[in-house]
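Scroll down for the structure; my scribbles are underneath it.
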Amino acid sequence: MTRSLRVIPNGGRAIWRSIQGEGHYAGMPTMFLRLAGCNLRCSWCDEPDSLPDYDLKTKQFRVVPTNAARGVSFGDLSSQFWEHFDEGVGHLVITGGEPMLQQEEVLRWLMTARMNKAAFAITVETNCELPPVPGFRPHVDLASLSPKVSRYKRNKEAILSAARAWLDRAEHTQYKIVITSEAEARRALEMIHDLDEVRVGLRRGSAGVVFKALQVEWDTPVTEGMIDLAAAANVRLVKQLHKAMKLP
Ligand code: SF4
């Protein structure tokens, strides 16, 4: 059977080269793989094309892909990767949508294409509601956890449970929580506190996460209150730079 991944093509390509606009690797030349489908519907989502391929009622991918999405075989994906790769690129970001909806296929592709043997880091961006399957975590150099403030009250248990699996390697993990107000900044800091408690509870030594930030949504003004809150918690306050730079 031909294996494939459901992707959102960028200019007809499933995978392309650009610059990472956020987090620990911000500014680094990067290859991007954008997968279709998400289990959430955030109001500020900058990739709305990636959403409808996944049916929230059935919790399944639609049998017939949406106009925006298509399946790409592992072989075609690898060809596109190496076509756009050059020696200056040290980083692959697997994003979406929610990549963890297709993690088994992602894992098979990484192993098939032997991406993890190449000399670059692999980041997976996730909303942290789905834990990695056994065997997935070691292939990820940076797990970028972006749980959503609006989901936390309702889904705290699932989010912390997924985080536990990632935080087993805290030094290969970052938190990046989008906020649109000071009230959300407070709630995001509570989430970061809870995530840190999970990390400490794992007793894997003293390693912390490599980056933790409140990420102010692009259209939202940064306020003095946000600055004070971030400073008091010793957490970074950043903007969505990939939007400011209009990165593809
Ligand atoms: S989790 Fe990410 S991809 Fe999914 S709706 Fe929210 S912002 Fe969009």
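Reported count of residues in the stretch 92-113, each being within 16 Å of the ligand (Cβ to nearest atom) and of a type in the set (Gly, Ala, Ser), is 2. Taking (1) within 16 Å of the ligand (Cβ to nearest atom); (2) within 22 Å of Arg41 (Cα to Cα) in turn, Trp166 satisfies each apart from (2). Of the helices (runs of 4 or more DSSP H) entirely within the stretch 137-248, those holding at least 1 residues that are at pLDDT 95 or above and of a type in the set (A, V, I, L, M) occupy 149-167, 182-201, 224-233.
Across the stretch 228-237, what is the total count of residues that are of a type outside the set (Lys, Arg) and surrounded by 13 or more Cβ atoms within 10 Å (Cβ to Cβ)?
Total meeting the criteria: 6.
Criterion applied to Trp109, Trp82 was being without any contact (Cβ under 8 Å) to a residue 12 or more places away in the chain and out of contact with any Pro (no Cβ under 9 Å at 6 or more places or on another chain), and the one residue passing it is Trp82. Scanning the stretch 123-133 finds one or more residues that are away from the ligand (no atom under 16 Å from the Cβ), at pLDDT 95 or above and not charged (D, E, K, R).
Report yes if Ala207 is surrounded by 16 or more Cβ atoms within 10 Å (Cβ to Cβ) and not acidic (Asp, Glu), otherwise no. Lay out the reasoning, then the answer.
Numbers: surrounded by 16 or more Cβ atoms within 10 Å (Cβ to Cβ): no; not acidic (Asp, Glu): yes.
In short, no.
Can you give me the number of residues within the stretch 138-172 that are of a type in the set (S, T, N, Q) and in contact with a Gly (Cβ under 9 Å, 6 or more places away or on another chain)? The total comes to 1.
Give the residues of the stretch 55-83 that are aliphatic (A, V, I, L, M) and surrounded by 13 or more Cβ atoms within 10 Å (Cβ to Cβ), sorted by residue number. Hits for the stretch 55-83 are Ala68, Ala69, Val72, Leu77. For Asp46, the conditions (1) surrounded by 11 or more Cβ atoms within 10 Å (Cβ to Cβ); (2) out of contact with any helix residue (DSSP H, G or I) (no Cβ under 7 Å at 6 or more places or on another chain) are fulfilled apart from (2).
The values are calculated or read from the model by the stated rules, or taken from the named source; none is laboratory data. Quick caveat: nothing in here was measured; it's all calculated off a predicted structure. Don't worry about glycine lacking a Cβ; one is built from the backbone with ideal geometry, like all the others, and counts go over all protein chains shown.
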